[in-house]
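Some notes on the structure that comes next.
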Amino acid sequence: MAGPTTAERGERQDRQDPDSGPPRPPLLKRLPGPRALIISAVCLALLAAGGIWVLYGSQWTRVERVSASGTRVLTPDQVVEAADVRVGSPLISVDTDEIEARLLRKLPRIDSVDVARSWPHGIGLKVTERTPVLIAENTGKGGKYVEVDAKGVRYATVSRPPQGVPALELTVSGSASLRRFGSDRLMREAVLVARSLPAAVARATRVVKVRSYDSISLELSGDRTVAWGSGEKGRAKAHTLTALMKASPEARHFDVSVPTAPASSGS
């Protein structure tokens, strides 16, 4: 008996096409047995224990050096000594926040510090020192001066005033402004004025004199003076003073206490 023809075989295959029949059940993945799970758990535990040992118990990640950068007046050695980081301790256990607080407490000249781990053996101390905007005479110590930064913080006593930094004169003893605002507030107003000065005026300023809250004046080089008023509207006063000096280059006295009604005079 003859077998099926080619056409019959094609029709039979079409009838057996899996797309036309019922869906086949999905193949099930074989789950790992209890033994494999136990082995995996042991391996993970060993890896974790090894990592902890490397970080805390081995000699591979211990503090071997402490370095400081960003200093200007301070020296790197002074910063490293004040940080007091124990060499040989595990690097991971070093408390960077505690080091930062210690440096700010011991060295008031530091405005901010970034304490960072440098794997596998280092601690880096990147400091930003305060910059003086005014220098005040220290009445408690003859011949000494106190540096005042842009935040009004008195942070360092020096024997000689730094070059180019205006002197602060508070002549408010017994005044109503002193009783109302206090010396610290009046000093911050003077700082606010110093920060508002145009660059050319700041370079020429020798003294910032405070008589009261709204009576602050400047003594400039060349026997020039500026009546500034209070520390308010500093930007407007700075623009007005720049324009006034250009318009009256021979003037010796300028008044910008009311920036909308400035005045200048030659004597």
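The values are calculated or read from the model by the stated rules, or taken from the named source; none is laboratory data. Please read all numbers here as calculations on a predicted model, not as lab measurements. Quick reminder, even Gly has a Cβ in these numbers, built from the backbone with ideal geometry, and neighbours come from all protein chains shown.
A quick yes/no check of all residues on (1) assigned to a strand (DSSP E or B); (2) farther than 20 Å from G122 by Cβ; (3) at pLDDT 85 or above; (4) of a type in the set (K, R):
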{"residue": "D19", "(1), (2), (3), (4)": "no, yes, no, no"}
{"residue": "P23", "(1), (2), (3), (4)": "no, yes, no, no"}
{"residue": "P32", "(1), (2), (3), (4)": "no, yes, no, no"}
{"residue": "L37", "(1), (2), (3), (4)": "no, yes, no, no"}
{"residue": "G50", "(1), (2), (3), (4)": "no, yes, no, no"}
{"residue": "V54", "(1), (2), (3), (4)": "no, no, no, no"}
{"residue": "R72", "(1), (2), (3), (4)": "no, yes, yes, yes"}
{"residue": "L103", "(1), (2), (3), (4)": "no, no, yes, no"}
query = With respect to the numbered conditions (1) within 30 Å of T205 (Cβ to Cβ); (2) assigned to a helix (DSSP H, G or I), which one is the sole condition not fulfilled by Q78?
reply = (1)
remark   = Within the stretch 129-150, residues at pLDDT 90 or above and part of a loop (DSSP other than H, G, I, E, B) come out as R130, T131, A150
key: Candidates A116, A68 - the one that is in contact with a helix residue (DSSP H, G or I) (Cβ under 9 Å, 6 or more places away or on another chain), surrounded by 16 or more Cβ atoms within 10 Å (Cβ to Cβ), at negative phi and not charged (D, E, K, R)   = A68
task = Only strands (runs of 3 or more DSSP E) wholly contained in the stretch 171-267 count here; list those with 3 or more residues that are not hydrophobic (A, V, I, L, M, F, W, C).
result = 205-212, 215-220, 224-229
